[in-house]
Amino acid sequence: MKYEVIKNIPHHKEIQYEITKELWPEFMFHDPISNKYWDKLFELFSEFQFSLKSKGEIIAIGQCLPLYWGKPFEDLPEEGWEWALQKGIEDNFKGIEPNVLTGLQIAVNKKHQGKGISSLVLKEMAAIAKEKGLENVIIPIRPSLKSLYPLIDIEDYINWERDDGTPYDPWIRVHKRFGGEIIKVCHRAMKITGTIADWERWTNLKFLQDDQYVVKGALKPINIDLDNDLGSYIEPNIWVLHRL
């Protein structure tokens, strides 16, 4: 497929949002760390935010940023995605020289999924890392089919295989084919909280008693606490390493 890489264009954040709003459940747009720092990606790291355009249409997007990591990759934190976004921004504020690239989002236009385009985005992300002199890419990935199995422990899920011995999950499969190494699960990659009314609005469900609830798009059940008017969701992701 022929495509061009788009960066540093006016309203790039808004253009990319048009893609992601069709892909993620509503509650995913209410992560407090994301809401605090997301705009900074386009202010401080505009050259790390890119889109793929083909035949006049945005077919996929990628968001990443550099940060410093000085420990073994096996020690990457449980906070995963939130940690990566916050640390990359704060490293920049502190003038800390980065040594790795962190992928924050790879998303394919809903109309173009199933065509292998996600691997093209991953390829471009690796190219940015090489261009910036960074030897490794780390990504807290959100396995694409895990939301269909919210009651299955993610440690079990990542070991599921197809009959041909390849990973069951398509997104894990893409990373493995690209040479990625699964490092470990990060159990607290995102933490999203809200009032009961918030969660009822985000999910179109009613929560009438304390319990854990399966909601569409979540990788594990959410917890509802009526007495404290609190719904909470802690999402696990998987740390994947690409050595360049």
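The values are calculated or read from the model by the stated rules, or taken from the named source; none is laboratory data. Values in this document were obtained by computation on a predicted structure and should not be read as measured data. Backbone-built Cβ (ideal geometry, glycine too); neighbour counts: all protein chains shown. Only protein heavy atoms, including side chains, enter the accessible area calculation; ligands, DNA and RNA are left aside. Shrake-Rupley method; radii C 1.70, N 1.55, O 1.52, S 1.80 Å.
Heavy-atom accessible area of Leu226 with all protein chains present, probe 1.4 Å, nearest 10 Å²?
Answer for Leu226: close to 60 Å² accessible.
Ignoring everything but the protein chains, give the 1.4 Å probe accessible area of Asp156 in square angstrom, nearest 10.
90 Å²
So who's got an amide H within less than 5 Å of the one on Cys186, skipping anything under 5 residues away but keeping other chains? H placed 1.01 Å off N, in plane.
Amide H neighbours of Cys186, under 5 Å, 5+ apart: Asn237, Ile238, Trp239.
Write down the accessible area per residue of the chain in Å², having rolled a 1.4 Å probe over the full set of protein chains. Before the final figure, lay out the partial values.
Details: 12330 Å² over 244 residues.
So the chain comes to 51 Å² accessible per residue, rounded to a whole number.
Give a quick list of trypsin sites (Lys or Arg not before Pro) in segment 41-88 that DSSP marks as loop, anything other than H, G, I, E or B, with at most 16 other Cβ atoms within 10 Å.
Numbers: sites: Lys53, Lys55, Lys87; in loops: Lys55.
For trypsin sites (Lys or Arg not before Pro) across segment 41-88 that sit outside H, G, I, E and B with at most 16 neighbouring Cβ atoms in 10 Å, the list reads Lys55.
As a test of reading the structure, rank Leu208, Leu65 by solvent-accessible area (1.4 Å probe, protein chains only), most first.
Values: Leu208 140, Leu65 0 Å².
Reading off the accessible areas and sorting them downward yields Leu208, Leu65.
Looking at the chain, send over the antiparallel percent of its DSSP beta bridges, to the nearest 5.
95 percent
Run the numbers on the chain and let me know its relative contact order in percent, using alpha-carbon pairs under 8 Å that are six or more apart.
Contact order relative to length: 21 percent.
With only Lys, Arg, Asp and Glu charged, each at its Cβ (+1 for the first two, -1 for the last two), find how big the charge dipole of segment 65-168 is about the Cα centre; round to the nearest 20 debye.
Values: 12 positive and 17 negative charges, 140 e Å.
In total the dipole reaches around 680 debye.
Could you let me know the centre-to-centre spacing of segment 179-208 and segment 1-67, using Cα atoms, in angstrom?
If you average the Cα positions of each part, the centres end up 21 Å apart.
Take the solvent-accessible surface of the protein heavy atoms, probe 1.4 Å, and return the percent of it on segment 168-244 that carbon and sulfur atoms account for.
47 percent
GNM on the chain, C-alpha springs below 10 Å: top fluctuator among Ile172, Ile192, Ile139?
Of Ile172, Ile192, Ile139, the most mobile in the Gaussian network model is Ile192.
Counting helices only, and only those DSSP H runs with n ≥ 4, report the 222 nm mean residue ellipticity of the chain as the sum of -39,500 (n - 2.57) divided by its residues, in deg cm²/dmol to the nearest 500.
That comes out to -8500 deg cm²/dmol.
Provide Val5, Val174 ordered by accessible surface of protein heavy atoms (probe 1.4 Å), highest first.
Accessible-area ranking of Val5, Val174, largest first: Val5, Val174.
Sort Arg173, Arg162, Arg243 from largest to smallest accessible area, using a 1.4 Å probe on the heavy atoms of the protein chains.
Working: Arg173 35, Arg162 85, Arg243 135 Å².
The ranking, largest first, comes out as Arg243, Arg162, Arg173.
I need the GluC sites (Glu not before Pro) found in segment 11-97, filtered to DSSP loop residues with at most 16 other beta carbons within 10 Å of theirs.
The qualifying sites are Glu22, Glu78.
If you average the sequence gap of Cα pairs under 8 Å that are 6 or more apart and divide by the length of segment 149-244, what percent do you get for the contact order?
After rounding, I find 34 percent.
As a test question: what accessible area, to the nearest 10 Å², does Phe93 have when a 1.4 Å probe is rolled over all protein chains in place?
It works out to around 120 Å².
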